[in-house]
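Input: a single structure, listed below in structure tokens.
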Amino acid sequence: MSEIEVRIMWAPGKYIQGQNVLPNLGVYVRLLGESALIISDSRVYNLVGKAISDALKARKIRYGWTEFGGECCFEEIERISRQAKKGRSEVIIGVGGGKTLDTAKAVAVNRKVPMVMVPTIAATDAPTSSSSIVYSKEGVFEKVLSHSRNPELIVVDVGVIARAPVRFLASGMGDALATWFEADATFNSDSDNEVGGKPTRAAHILAKLCFEILMKHALAAKLAVEKERVIPAVDLIIEANILLSGLGFESGGLAAAHAIHNGLTVLEETHNYLHGEKVTVGTVTQLFLESKDKSVINQVLTFCNQLRLPMSLGDLGLAALSPSRLMEVAEAACRAEESIHNEPFDVTPEMVSDALLAADVYLREFRAQQQSTSFSPKPI
Ligand SMILES: [Zn+2]
């Protein structure tokens, strides 16, 4: 008889997404506590501060705001934790982008109180996950804090996210693009997911749904958000970027794409690119590493082209990378603890560097062909 595996899926307590849902925030926060400490930077406060304050006041929730210092570092987590202790805050609410939300998660875990996420951009799946990425005060990656739980509540106001710069939404789609390929690799190799068990079929199929929504609705959503418009495609893409991608990566598993992202971060030149942009280069490289069918590769490249996402070293301005620096990236991607080892075959640094170079060459050819068909049709 074959052994029955232990499958584990983690998820947030409540997920609420819609247009103009912020005025209802108090209704849901009230289920968690009577006082809250809200973390946001001043730009985000100017954007949604009044709506959130009004929503909490309406439900008689005591609240205070603290200004986020800009980096999810241990000093900042400690500072805000002390403030939450002093104010006896029963709930921690993070409002903003990934770093603010990651800090709020760590503070809530420190204080053993519920965590509430109010993302104002959809650049990553950070709002859904149970981890915080911690950096030094200077912004150098330090460690991933794996918490014992996911956020109790996530409230996503589609209108707020549609008014943020489109580059964030596109980057979130890049992060979400990796989800299916990585979850499928993890599933096929029977590796563990990010919460220490084999993936459930539910997480696997949610990752696939994430991919299908991206392929159908990405371009329409991007064009709408460029004009700060909300159409159903925007709603679909936000759910894919935040919820499906979050569940898909954490409970479905990571593989080569995120490991190659981590490898790329050893190069200072990549620091000005967003997480999802570097992950996209990782995803395209994973496709070459896995020798995926040409039709899949072309489908992904067409998608990335439409969103203006970088797909290769050349797109990141690294076309002339020396062989030794390329090997540094590949070796970092293949460190023992990296998720690249969830691929269904053994991966070496040489294979990663070859795949990175292959992606560059293929992409040049792909773009040349696209131009010849769209701009200079051959005479019959
Ligand atoms: Zn990611």
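Nothing in this text is a laboratory measurement; each read-out follows from the coordinates by a stated rule. The shown structure was predicted, so the numbers you read here are calculated from the model rather than taken from an experiment. Backbone-built Cβ (ideal geometry, glycine too); neighbour counts: all protein chains shown.
Tell me what the chain gives for mean residue ellipticity at 222 nm when only DSSP H runs of n ≥ 4 count, each as -39,500 (n - 2.57), the sum divided by the residue total, rounded to 500 deg cm²/dmol. The partial results should precede the final answer.
Details: 14 runs with 195 residues, N = 380.
That comes out to -16500 deg cm²/dmol.
For the stretch 166-369, just run the numbers: alpha carbon Rg, then divide by 2.2 N^0.38 Å, N being how many residues it has.
Working: Rg = 15.9 Å, N = 204, 2.2 N^0.38 = 16.6 Å.
For the stretch 166-369, the normalised Cα radius of gyration comes out at 0.96.
Assign one of three labels to the chain, namely rounded, prolate or oblate, based on the Cα gyration tensor with a ≥ b ≥ c the square roots of its eigenvalues; rounded applies when a/c is under 1.5, prolate when it is not and a/b is larger than b/c, and oblate otherwise. Don't jump to the answer; show the numbers that get you there.
On the way: a/c = 1.79, a/b = 1.51, b/c = 1.18.
Because a/c hits 1.5 or more and a/b exceeds b/c, the chain counts as prolate.
For helix 42-58, report the angle its Cα long axis makes with the longest principal axis of the Cα atoms of the chain; keep it between 0 and 90° and round to the nearest 10°.
50 degrees
Cα axis of helix 74-86 to longest principal axis of the chain: angle in degrees, 0 to 90, nearest 10?
Tilt of helix 74-86: around 20 degrees.
Just the Kirkwood number for the stretch 14-162, please: inverse of mean 1/r across all distinct Cα pairs, in Å, one decimal.
Values: mean 1/r = 0.0674 Å⁻¹.
Result for the stretch 14-162, one decimal place: 14.8 Å.
Going out from 0 in 5 Å bins, what whole percent of all Cα-Cα distances in the stretch 218-272 drops into each bin?
Computed distribution, short to long bins: 4, 16, 16, 13, 16, 20, 13, 2.
Tabulate in residue order the Karplus-calculated ³J(HN,Hα) for the stretch 165-171, using 6.51 cos²θ - 1.76 cosθ + 1.60 with θ = phi - 60°, rounded to whole Hz; enter x for Gly and Pro.
x, 5, 4, 5, 5, 5, 5
Pairing the Cα long axis of helix 349-374 with the longest principal axis of the chain, what angle in degrees results, from 0 to 90 and rounded to the nearest 10?
Helix 349-374 sits at roughly 80 degrees to that axis.
What net charge do the residues around Gly276 carry, taking every other residue with its C-beta under 10 Å from that of Gly276, with Lys and Arg at +1 and Asp and Glu at -1? Can you show the working numbers first?
Working: positive: Arg167, Lys278; negative: Asp125, Asp175, Glu277.
Spelling it out: positives minus negatives among the neighbours equals -1.
What does the charge add up to near Glu138, with Lys and Arg as +1, Asp and Glu as -1, over the other residues with Cβ less than 13 Å from its Cβ? Intermediate results must be reported in sequence, preceding the final value.
Values: positive: Lys137; negative: Glu71, Glu75, Glu76, Glu142, Glu268.
Net of charged neighbours comes to -4.
Sequence-distant or interchain residues sharing an amide H contact under 5 Å with Arg7, placed H: which?
Correct list: Lys198.
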